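Undergrad: First the structure, then my questions, so here it is.
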Amino acid sequence: MKETIRRFALDLGVDDVGFVSARDYASPQSPPLDTIFPGARSLVVLAYGELDSCDSPDSHVAMNGRMDLMEFSRSCNYKVSRHLQRTFGARAMTVPVSYPMEMKEETKGAVGQVSLRHAAVTAGLGAFGSHNIVVHPRLGSRVVFSAVLSDLDLSTDPALEKNPCTECGLCVRECPAGALGEPGRTDLMKCIRNSQPYGLGGAIRFWSRFGEAAAAERKAMLKDSHFWRLYQAGHIGPQYFCFKCMSVCPVGRAATA
Ligand code: B12
Ligand code: SF4
Ligand code: SF4
């Protein structure tokens with residue numbers, strides 16, 4: 001069954017596929033799978049290589065590459081789910097690349113319903129690198145994941161034998177926010193301020209200031225590019241302005257070509 005599913009996903013254009021039994025999935029912060037999908041027994045984890053857009057000095061071009069990937073991943077998630085339903089009579093639910101996710105003060109809107117890094121590592125699709133994201137043996141750090149939860153009893157794939165991260169330290173040195181200084185922990189606020197300046201925090205700061213501003217200042221604020229970028233983010237969803245820790249990593253640089 002696993003090989004049929006793997007073949008189906010690879011034929012869609014997914015770069016790699018791994019399996020995790022629900023018994024083996026654990027994340028320090030994300031909720032138990034049963035609270036999302038009572039009766040969930042496994043995850044199919046799908047890996048996608050980033051486009052070279054993530055190297056662009058133009059952050060809009062970089063983000064557009066991610067949006068292409070996210071759209072493709074939605075289609076793959078849906079098609080794999082339908083495959084599980086039609087071919088194996090399974091119940092299936094999808095896990096998105098990023099959003100939607102629970103948004104509340106307690107988690108700073110930074111905990112996914114399913115932790116895709118932990119799922120990917122358990123599925124043998126990679127290992128945590130010095131940047132605290134997953135390095136895939138072939139795709140390197142330029143890899144993004146989605147997943148399909150189902151009630152199929154699928155066994156966990158073997159873990160990677162060797163971590164592809166060489167600990168060269170480039171990602172830590174090049175992080176513009178200095179968010180990777182402490183091993184094993186990303187400084188959430190440092191990263192988020194730099195990588196999502198027009199995210200929730202940016203919007204709260206803008207609208208708080210707007211609420212207290214006089215009429216003339218409000219007019220000026222609405223003409224400022226800061227507001228225009230917030231407005232755009234409101235339409236397209238989260239806009240990442242930094243891909244540095246992924247793009248500088250030398251592992252697997254030839255593989256996505
Ligand atoms: C919220 C979120 C963020 C937040 C918060 C990140 C965070 N602290 O978890 C912010 C906005 C800061 C963020 C930033 C980025 N993100 Co983000 N993010 C997510 C999201 C939606 C949820 C993450 C989550 O649930 N975190 C809560 C728990 C799991 O986090 P935690 O317990 O603090 O996890 C820590 C431990 O695992 C620890 N750790 C370190 N080493 C080891 C080793 C072992 C063995 C273990 C068990 C744990 C461990 O490091 C983690 C981070 O501090 C996921 C998608 C998803 N649903 O999983 C994407 C995701 C993690 N993000 C991703 C990416 C690519 C990015 C960015 C590069 C931005 C960008 N341009 O895309 C940066 C990278 C930041 C970095 N170097 O850490 C990818 C990572 C892909 C990969 N190759 O691993 C994911 C998986 C999205 C995807 N679908 O692929 N992200
Ligand atoms: S996304 Fe940018 S700011 Fe965040 S950890 Fe990576 S390099 Fe640092
Ligand atoms: S840049 Fe170097 S230290 Fe960072 S993840 Fe890649 S190999 Fe590891």
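The values are calculated or read from the model by the stated rules, or taken from the named source; none is laboratory data. Please read these numbers as outputs of a predicted model, since none were measured by experiment. Glycine also receives a Cβ, built like all others from the backbone with ideal geometry; neighbour counts cover every protein chain displayed.
Undergrad: Of everything in the stretch 173-228, what is touching a Cys at 6+ places or on another chain (Cβ under 9 Å), over 24 Å from TYR99 (Cα atoms) and part of a helix (DSSP H, G or I)? Give them in sequence order.
TA: The one that is touching a Cys at 6+ places or on another chain (Cβ under 9 Å), over 24 Å from TYR99 (Cα atoms) and part of a helix (DSSP H, G or I): GLU174.
Undergrad: Right, something else. Within the stretch 72-83, identify whether any single residue is at pLDDT below 95 and out of contact with any Cys (no Cβ under 6 Å at 6 or more places or on another chain), and answer yes or no. Let's see the steps before the verdict.
TA: The first filter runs over the stretch 72-83 and keeps only residues at pLDDT below 95, leaving none.
Scanning the stretch 72-83, I find no residue that is at pLDDT below 95 and out of contact with any Cys (no Cβ under 6 Å at 6 or more places or on another chain), so the answer is no.
Undergrad: Inside the stretch 2-28, can you point out the residues that are of a type outside the set (Asp, Glu) and more than 21 Å from ALA159 (Cβ to Cβ)?
TA: Let us first name the residues in the stretch 2-28 that are of a type outside the set (Asp, Glu), namely 2, 4-10, 12-14, 17-23, 25-28.
THR4, ARG7, PHE8, LEU12, GLY13, listed by residue number.
Undergrad: Looking at (1) modelled with pLDDT of 95 or more; (2) touching a helix residue (DSSP H, G or I) at 6+ places or on another chain (Cβ under 8 Å); (3) within 14 Å of ligand 2 (Cβ to nearest atom), which one does GLY199 not meet, given that it meets all the others?
TA: (1)
Undergrad: A further question follows. Looking at this structure, is TYR78 part of a helix (DSSP H, G or I) and in the same structural domain as GLY39 (by TED's automatic domain parsing)?
TA: In short, yes.
Undergrad: Of the numbered conditions (1) away from ligand 1 (no atom under 13 Å from the Cβ); (2) in a loop (DSSP other than H, G, I, E, B), ASP34 fails exactly one; give the number of that condition.
TA: It fails just one condition, (2).
Undergrad: Taking the conditions exactly as written (more than 10 Å from ligand 1 (Cβ to nearest atom), in contact with a strand residue (DSSP E or B) (Cβ under 7 Å, 6 or more places away or on another chain) and within 18 Å of VAL144 (Cβ to Cβ)), does VAL44 satisfy them or not?
TA: yes
Undergrad: Just checking, how many residues over the stretch 202-257 are polar (S, T, N, Q) and either surrounded by 11 or more Cβ atoms within 10 Å (Cβ to Cβ) or touching a helix residue (DSSP H, G or I) at 6+ places or on another chain (Cβ under 6 Å) (or both)?
TA: 4
Undergrad: For the stretch 38-52, does any single residue satisfy the condition of being assigned to a helix (DSSP H, G or I), under 20 Å from GLY112 (Cβ atoms) and in the same structural domain as SER98 (by TED's automatic domain parsing)?
TA: The answer is no, given that none of the residues of the stretch 38-52 is assigned to a helix (DSSP H, G or I), under 20 Å from GLY112 (Cβ atoms) and in the same structural domain as SER98 (by TED's automatic domain parsing).
Undergrad: Follow-up question, since we're still on this one. Out of all the residues in the stretch 158-188, which are more than 9 Å from ligand 1 (Cβ to nearest atom) and of a type in the set (Lys, Arg)?
TA: Across the stretch 158-188, the qualifying residues are LYS162, ARG173.
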